[in-house]
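Note sheet for the following structure.
Please treat every number below as a calculation from the coordinates, not as lab data. Being a predicted model, the structure only gives us computed values, none of them experimental. A quick note on method: Cβ atoms are made from the backbone with ideal geometry, for glycine too, and the neighbour counts reach across all protein chains shown.
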Amino acid sequence: MFKAGLFSSDASDPTKVDAAKLKLLTVDEVGTGMQVKIWFRHLTAQVCGENPMVGLEGRAKLLCSLGTAICSDYFLANGCHRPGGLVDFVLSHSVDGKVPMAKLWECVLVGLQDIWPKTRTNINGNWCVA
């Protein structure tokens, strides 16, 4: 999927993953890339042919949400607008070559909070903050 350019909006640079394309991914594109043969889909129930994949819609939604998250103010304020830029963003906060765990945790919880289902960012009903 990566080498085929599924995650890039730039046909001249198919391996450059960007938010613009991630936000527009469809279930059918992800399914085709994962070699899932979808014969019939009704709401969230899937009836698949030769190679079913449970949770295909959720995986596609997660990728779309990642595209949205990396366009958030949290990352854009730091010049990050591609998934690969997340590593640069985290490393830019390193001290003596080490990334403080608090910064990494903040990046995951705050910067990527929109990709996780709401039930995954709460413990006992309280939002997990960095």
Taking 0.36 nm per residue of separation and subtracting the Cα-Cα distance, what length does fully extending Val110 through Thr68 add? 13.8 nm
What FRET efficiency comes out for Met53 versus Thr15 if R0 is 35 angstrom and r is the Cβ-Cβ distance? Round to the nearest 0.05. 0.90
Set the Förster radius R0 to 41 Å, insert the Cβ-Cβ distance between Phe2 and Asn124 as r into 1/(1 + (r/R0)^6), and round the FRET efficiency to 0.05. 0.60
³J(HN,Hα) across the range 5-19 via Karplus (A = 6.51, B = -1.76, C = 1.60, θ = phi - 60°), whole Hz, x for Gly/Pro? x, 4, 9, 10, 8, 10, 4, 7, 9, x, 9, 8, 5, 9, 4
